[in-house]
Amino acid sequence: MKILIASHSYIVDLNCEKLRALAQLKPGIEVTVIVPKTWKPGGVQNKIITTQYRDEGNFRIVPISNFSQNHQGLLTFGTDLISLLREFRPQVIQVEQGSKGLAYTQMIFLNQLLGIKAKNIFFTWWNLPYELKFPISLLEKYNLQHSHGIIAGNQDGAEVLRQRGYAGPIQVMPQLGVDERLFTPKAQPELSSQLGITSEDFVVGFVGRFVPEKGLLTLVQALVSIPDKPWKLLLLGRGELQAELIKFTTENNIRERVIFVESVPHDQVANYINLMSTLVLPSETTYKFKTLTSVGWKEQFGHVLIEAMACHVPVIGSDSGEIPHVIGDAGLVFPEGDFKALADCLVQLIEKPDMTATLGKRGYEKAMHKYTNKALAQQQFEFYQQLVNY
């Protein structure tokens, strides 16, 4: 099977591991990933990434000239895309820029024009209802009508697409898997000592951005309500909420039990997760309106959950977005924003070590079975087979 995948996401080599695993599933699979030749990352001033061609046999990354260097919805490719399509002639074309991406429209058109007869697929994370105005509504309608299949990063995203009128096959799975070689159970005695963590501490952990929608204030409120328990809080990340967190924890006399660690390189995150007795993702939905221009957010997946699960660390999450589906019976779920319910979850794990161990084991088994890059590659390939053989 020849598979062509297009996205600016794969400029970052770390993001390509699932696609490498896809190319290695069995003989005869060829994966070509096209990326923009130049790209300006959001939020990074004056930085331009120039991508390089890579050939790893049945897996290759091909930079293609592009229009729009920093807006994924407006991204389109130059005429060198045509020669690539003629030479490679894929059976599957997947564009990971959402339902309204111009690059996807371009691929659909060229697929027809060149008579390639590949199956058209797009990937989307979007998980909130919305309304569109002309001509964007017409663009999305065209893309949906010409899609043979869709991969949605979450259950809500699949439901939104159904509401938009799409009736074809949808596979629900995340874009990226967890690297089980990196995220694996491993004692960290030196790091524990460095941070002042002892074997008697129940370490409640968080990894992510310090922003209101991540529910950190709910987390510290929950901990304030259980001062008699032997917990410490390890917060890995940074963001606008840090000063408020310091103020809140100081005013409530728990500052000495909170450890702040600035963001660390991704290949070191597992070391900190392995210090945790539990990882908490207390995300809170902020969506209020029905247009894409409105401010709003709902947890689209929660990748840190599967990283913790792969480290044998039990997880607790709110019921925002995809979190309950990711956790399932492999952790605890509480109503978002309910600090008392979160405190109850924490107390259960602190007081019931057998339960904590059981959830850690379940999470590990689920991550290995469903969320490694190889597991996701297998799910994606089976979806492709379903479409190609239809």
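The values are calculated or read from the model by the stated rules, or taken from the named source; none is laboratory data. Predicted model, so just to flag it, every value in this text is computed and none were measured. Note: ideal-geometry Cβ built from the backbone for every residue, glycine included; neighbour counts use all protein chains shown.
Is it true that some residue in segment 20-32 is assigned to a strand (DSSP E or B), closer than 12 Å to A377 by Cα and at pLDDT 95 or above? Before the answer, list the steps.
Quick first cut of segment 20-32, residues assigned to a strand (DSSP E or B) only: 30-32.
Checking the rest, the ones that are also closer than 12 Å to A377 by Cα come to 31.
Filter once more, so that each one left must be at pLDDT 95 or above: 31.
Yes.
Name the residue, out of P129, P135, that is surrounded by fewer than 18 Cβ atoms within 10 Å (Cβ to Cβ), in contact (Cβ under 8 Å) with a residue 40 or more places away in the chain and more than 25 Å from E17 (Cα to Cα).
Working: P135 fails: in contact (Cβ under 8 Å) with a residue 40 or more places away in the chain.
So the residue among P129, P135 that is surrounded by fewer than 18 Cβ atoms within 10 Å (Cβ to Cβ), in contact (Cβ under 8 Å) with a residue 40 or more places away in the chain and more than 25 Å from E17 (Cα to Cα) is P129.
For segment 326-344, indicate whether the set of residues that are in a loop (DSSP other than H, G, I, E, B), surrounded by 23 or more Cβ atoms within 10 Å (Cβ to Cβ), touching a Gly at 6+ places or on another chain (Cβ under 9 Å) and of a type outside the set (S, T, N, Q) is non-empty. Steps first, please.
Of all residues in segment 326-344, those in a loop (DSSP other than H, G, I, E, B) come to 328-330, 335-338.
Now narrow it down to the ones that are surrounded by 23 or more Cβ atoms within 10 Å (Cβ to Cβ): none.
No, there is no match, as no residue in segment 326-344 is in a loop (DSSP other than H, G, I, E, B), surrounded by 23 or more Cβ atoms within 10 Å (Cβ to Cβ), touching a Gly at 6+ places or on another chain (Cβ under 9 Å) and of a type outside the set (S, T, N, Q).
Those residues that are farther than 26 Å from P353 by Cα and without any contact (Cβ under 8 Å) to a residue 12 or more places away in the chain, I need them from segment 256-280; list them, please. Give the derivation first.
From segment 256-280, those farther than 26 Å from P353 by Cα are 261-268; that's our starting set.
Once the filter is applied, which keeps residues that are farther than 26 Å from P353 by Cα and without any contact (Cβ under 8 Å) to a residue 12 or more places away in the chain, segment 256-280 yields P265, Q268.
Select, from I136, I170, I121, the only residue that is within 18 Å of I3 (Cβ to Cβ), aliphatic (A, V, I, L, M) and not assigned by TED's automatic domain parsing to the domain that holds T285. Please lay out each step first, then the result.
On the way: I136 fails: within 18 Å of I3 (Cβ to Cβ); I170 fails: within 18 Å of I3 (Cβ to Cβ).
Residue meeting the stated conditions: I121.
Which residue, of Y364, Y384, Y371, Y390, is in contact with a His (Cβ under 7 Å, 6 or more places away or on another chain) and hydroxyl-bearing (S, T, Y)? Before the answer, list the steps.
Values: Y384 fails: in contact with a His (Cβ under 7 Å, 6 or more places away or on another chain); Y371 fails: in contact with a His (Cβ under 7 Å, 6 or more places away or on another chain); Y390 fails: in contact with a His (Cβ under 7 Å, 6 or more places away or on another chain).
So the residue among Y364, Y384, Y371, Y390 that is in contact with a His (Cβ under 7 Å, 6 or more places away or on another chain) and hydroxyl-bearing (S, T, Y) is Y364.
Can you tell me which of V347, V388 is surrounded by fewer than 24 Cβ atoms within 10 Å (Cβ to Cβ), touching a residue at least 60 places away in the same chain (Cβ under 8 Å) and closer than 24 Å to S99 by Cα?
Criteria check complete, one pass: V388.
Return the only residue of Y142, Y166 being within 19 Å of L74 (Cα to Cα) and aromatic (F, W, Y).
Numbers: Y166 fails: within 19 Å of L74 (Cα to Cα).
Unique residue meeting the criteria: Y142.
Could you list, in sequence order, the residues of segment 186-207 that are over 17 Å from V269 (Cα atoms), touching a helix residue (DSSP H, G or I) at 6+ places or on another chain (Cβ under 9 Å) and surrounded by fewer than 16 Cβ atoms within 10 Å (Cβ to Cβ)?
The answer is T198, S199.
Please state which of the following conditions E240 fails to meet, knowing it meets all the rest: (1) crowded, with 19+ Cβ neighbours inside 10 Å; (2) touching a Phe, Trp or Tyr at 6+ places or on another chain (Cβ under 9 Å); (3) over 30 Å from L22 (Cα atoms).
Every condition holds for E240 apart from (1).
Among the residues of segment 264-276, are any among the aliphatic types (A, V, I, L, M), crowded, with 21+ Cβ neighbours inside 10 Å and part of a loop (DSSP other than H, G, I, E, B)?
There is at least one residue in segment 264-276 that is among the aliphatic types (A, V, I, L, M), crowded, with 21+ Cβ neighbours inside 10 Å and part of a loop (DSSP other than H, G, I, E, B).
Please indicate, with yes or no, whether at least one residue in segment 292-308 is among the aliphatic types (A, V, I, L, M), assigned by TED's automatic domain parsing to the domain that holds A222, more than 30 Å from K26 (Cα to Cα) and surrounded by 21 or more Cβ atoms within 10 Å (Cβ to Cβ). Even if it seems obvious, please write down each step before you answer.
Kept after step one, since they are among the aliphatic types (A, V, I, L, M), are these residues of segment 292-308: 292, 295, 304-306, 308.
Then drop every residue that is not assigned by TED's automatic domain parsing to the domain that holds A222, which leaves 292, 295, 304-306, 308.
Now restrict to residues that are more than 30 Å from K26 (Cα to Cα): 292, 295.
Filter once more, so that each one left must be surrounded by 21 or more Cβ atoms within 10 Å (Cβ to Cβ): none.
No, that holds for no residue.
Scan segment 59-103 for residues that are surrounded by fewer than 16 Cβ atoms within 10 Å (Cβ to Cβ) and touching a helix residue (DSSP H, G or I) at 6+ places or on another chain (Cβ under 8 Å) and report the count.
3
Considering only residues that are in contact with a Phe, Trp or Tyr (Cβ under 7 Å, 6 or more places away or on another chain) and crowded, with 18+ Cβ neighbours inside 10 Å, look in segment 104-126 and name the one that is nearest to N389 (Cα to Cα).
If we filter segment 104-126 for residues that are in contact with a Phe, Trp or Tyr (Cβ under 7 Å, 6 or more places away or on another chain), which is where we start, we get 104-106, 122.
Filter once more, so that each one left must be crowded, with 18+ Cβ neighbours inside 10 Å: 104-105, 122.
Details: Y104: 22, T105: 23, F122: 18 Å.
My answer is F122.
Among the residues of segment 180-228, which ones are in a loop (DSSP other than H, G, I, E, B), more than 30 Å from the chain's Cα centre (by Cα) and either farther than 16 Å from V313 by Cα or of a type in the set (A, V, I, L, M, F, W, C) (or both)?
G196, T198, E200, S225, I226, P227, D228
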